[in-house]
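A short worksheet on the structure shown next.
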There are 2 protein chains.
Amino acid sequence: MAEKIIIALDAMGGDNAPSEIVKGAVAAANEDIKIILVGDENQIKNELSKYDYDPSQISIHHASEVISMEDSPVAAIRKKKDSSMVVGLKLLKEKEVDTFISAGSTGALLAGGTFLVGRAKGIERPALAPLIPNNKGFSLLIDCGANMDAKPAYLAQFAQMGSIYMESVMGIKSPKVALVNVGAEAEKGNQLTKEAFSLLEELDINFIGNIEGRDIPMGLADVIVCDAFTGNVILKHTEGLGLALFNIIKEELMKDTLSKIGALLSKSAYKRVKRRFDYTEYGGAPMLGLQGLVVKAHGSSNAKAIKSAIEQAVKFKKEKIVEKIEEKINQ
Amino acid sequence: MAEKIIIALDAMGGDNAPSEIVKGAVAAANEDIKIILVGDENQIKNELSKYDYDPSQISIHHASEVISMEDSPVAAIRKKKDSSMVVGLKLLKEKEVDTFISAGSTGALLAGGTFLVGRAKGIERPALAPLIPNNKGFSLLIDCGANMDAKPAYLAQFAQMGSIYMESVMGIKSPKVALVNVGAEAEKGNQLTKEAFSLLEELDINFIGNIEGRDIPMGLADVIVCDAFTGNVILKHTEGLGLALFNIIKEELMKDTLSKIGALLSKSAYKRVKRRFDYTEYGGAPMLGLQGLVVKAHGSSNAKAIKSAIEQAVKFKKEKIVEKIEEKINQ
């Protein structure tokens, strides 16, 4: 490779920062990339001292402040100018890095991404697009970001960006794109989905029509399009319902001796089930539609999740997703 | 009891009609109620001939047509004037019965309920309110009906109606009411939820604030308020995710011998888990805000589900829910 891909990583964001973030960076480092850990120099140095690593692959960019989960997102981005998040986003804005990854506050990252990095040409609203597990693998759920009152045109752009991402980064040929709705027919839904349906039909994507809540976990679509309110509910509901079900199963398995023994014997199966629902396998959620790549890693990311997010970011850059999105949108 | 409660039951609606519907009616019949089976007289007679029952408790009201799942809901209500659904709803309108229960097309029942039975005094929009399972028991999810583009004032009425229902019919004292949203703070969400939040705060109910998707399955609220689009997505997502998870667990349990044996031993635990997710325990979904009670039973209702729906309807009438709702709304 001619040029290294440069990744800025928020060393201070997330429940397990900085230890797991730094550990993930060390695990992901290789000769093709350069990782810049953004945050408190002393703390990062202390963490790095635990590992052997090549200093040409990992460096530190000091930032004295941290945006916490308690901070008001927009105010924090404005006021904490020397926070790891703001400093990282500015490195991206100034093209000193190709990507910024953070496991910190989603709200702050969304606000900062839009205000500091800026939208890609022709994009109305950037979108946050996590991968959610399903029966067969995973789907991209777009949007789970800040666009609470979306317009049909936003949804059309989300569909295009999601399709490009799943094809180029996740390697799914002609990804199936579906619109979240309350029924299969085109005329179903609220004002937003009715109008969005017609727009999606016109696009040069593999639009398979509406998808109902029941079918989202069945893996019928690769890209699931909705406004951010609906996306947020689906994303968090997936997490909560999974947890609740696992708790109920555990509770019932412990209620009688035979079931208890059965549970012990089936341990490896349960491990496999949990792995299929494990977000760490999927890397982070890309924020699509910006001039560079911002990745939101899960707040409770461990080293493995951070490593996945870095690998995903490398692919994003190699596949020139920003350029592809701009080309498609401005056709 | 001075007067019998009279229930009209759509004998032709649902996947298992008329056999399971008639069986459920026979199981629920007792001296305090009178059940009128609405539908094809010959078919119903044929089913009834399988059982011993008291003819003073169960009778037949002939209707020659059936609204199918393929019919367009609004058109079907208008055109199939002698369908079991239209005939049953008209019996309710004319106060010849106290309740109409159907496991048929939800869309047709919603349209028919509103057009034929009419709204309770002061109600802006009637709502469909199913019970959904959670960690601890179940919550009422209101609205899952036809109000795709809701206004804040509708949501305020849903909160009041849901609260009355859970208190009077389900016996929960001072039910906890929450608004579906993307965060805990009052200022979170879309235009609808922001405005609805202020309205809900003013009401004489136990409003506990916003609830996120993650917490819905945790049983933190007894009444979960949202627009029908969001409600439909949550309801169907609960069903789909439950199914997907059970399938994945089954798949993994069958992959190795030890797990297989474990699964056999844990059979009774799995049965208990399934029962906790079993809709048949909860009766049907009431359509709240009409001049009488319309209950939507699940499309795949068996006799047990129909029996539960009948028992729920009896309680609804005894507790004078329609009167309580009108009183509260017009205070």
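The values are calculated or read from the model by the stated rules, or taken from the named source; none is laboratory data. Source: prediction; values computed, not measured. Methodologically, a virtual Cβ is constructed for each residue, glycine included, from the backbone with ideal geometry; neighbour enumeration extends over all protein chains shown. Ligands, DNA and RNA are excluded from the accessible area calculation, which covers all protein heavy atoms including side chains. Shrake-Rupley method; radii C 1.70, N 1.55, O 1.52, S 1.80 Å.
Points to keep in mind about this one:
- Buried on complex formation within segment B:144-178 (loss of at least 10 square angstrom of accessible surface versus the isolated chain, 1.4 Å probe, ligands and nucleic acids ignored): B:MET148, B:ASP149.
- Compared with its chain on its own, segment B:103-140 contains the following residues whose accessible area drops by 40 Å² or more in the full protein assembly (probe 1.4 Å; ligands, DNA and RNA excluded): B:ASN135.
- To put it simply, the accessible area of chain B at a 1.4 Å probe is 49 percent carbon and sulfur.
- In order through segment B:298-307: 3J(HN,Hα) via Karplus (6.51 cos²θ - 1.76 cosθ + 1.60), integer Hz, x for Gly, Pro: 4, x, 9, 4, 9, 4, 5, 5, 5, 4
- Distance between the C-alpha centres of segment B:47-67 and segment A:149-183: 51 Å, rounded to the whole angstrom.
- Computed from point charges on the beta carbon alone (+1 for Lys and Arg, -1 for Asp and Glu), the dipole magnitude for segment A:130-214 about its Cα centre is near 320 Debye.
- Annotation for the A:B interface, with buried accessible surface near 5100 Å², both sides summed [1.4 Å probe; non-protein components not counted].
- Modelled label positions at B:SER72 and B:ASP256, each set 7 Å beyond Cα in the direction of Cβ, lie 5.7 nm from each other.
- Pairs of Cα atoms nearer than 8 Å and 6+ residues apart set the relative contact order; for chain A it is 23 percent.
- Amide H partners (placed H, <5 Å) of A:ILE35, local residues excluded: A:ILE7, A:ILE58, A:SER59
- Looking at segment B:14-144 alone, DSSP beta bridges between its own residues are antiparallel in about 35 percent of cases.
- Residue-by-residue Karplus 3J(HN,Hα) for segment A:113-122, coefficients 6.51, -1.76, 1.60, Hz, glycine and proline x: x, 5, 6, 8, 7, x, 6, 5, 4, x
- In segment B:1-160, Rg over Rh equals 0.99, where Rg is the alpha-carbon radius of gyration and Rh the Kirkwood radius from pairwise Cα distances.
- With K and R counted +1 and D and E -1, the other residues having a Cβ less than 9 Å from that of A:ALA303 yield a net charge of +2.
- Per-residue average of Cβ from other chains inside 10 Å of B:192-199: 1
- Taking every residue in B:252-262 and counting other chain Cβ atoms within 10 Å of its Cβ, the average works out to 6.
- Proximal charge balance of B:ASP40 [Cβ under 11 Å; K/R count +1, D/E count -1]: -3
- Accessible area per residue, Å², segment B:186-331 with all protein chains present, probe 1.4 Å: 42 Å²
- Binned Cα-Cα distance frequencies in segment B:130-281 - 5 Å width, integer %: 2, 9, 17, 20, 17, 11, 8, 6, 5, 3, 2, 0
- Each Cα pair under 8 Å and six or more residues apart adds its separation to the average, and for segment A:129-279 the resulting relative contact order is 31 percent.
- Local electrostatic count at A:LYS151 - Lys and Arg +1, Asp and Glu -1, tallied over other residues with Cβ under 10 Å: -3
- When each of B:LYS136/B:LYS255; A:LYS79/A:LYS317; A:LYS93/A:LYS296; A:LYS93/A:LYS173; B:LYS45/B:LYS93; A:LYS79/A:LYS307 is checked by Cα-Cα distance, pairs over 22 Å: B:LYS136/B:LYS255; A:LYS79/A:LYS317; A:LYS93/A:LYS173; B:LYS45/B:LYS93; A:LYS79/A:LYS307
- At a threshold of 40 Å², the residues of segment A:201-240 that become less accessible to a 1.4 Å probe in the full protein assembly than in their chain on its own are A:GLY213, A:ARG214, A:PRO217, A:MET218, A:PHE229, A:VAL233, A:LYS236, A:HIS237.
- With N counted as the residues of chain A, its alpha-carbon radius of gyration over 2.2 N^0.38 Å works out to 1.02.
- Global geometry of the protein assembly as shown, whether rounded, prolate or oblate, following the gyration tensor of its Cα atoms and the 1.5 cut on a/c: prolate
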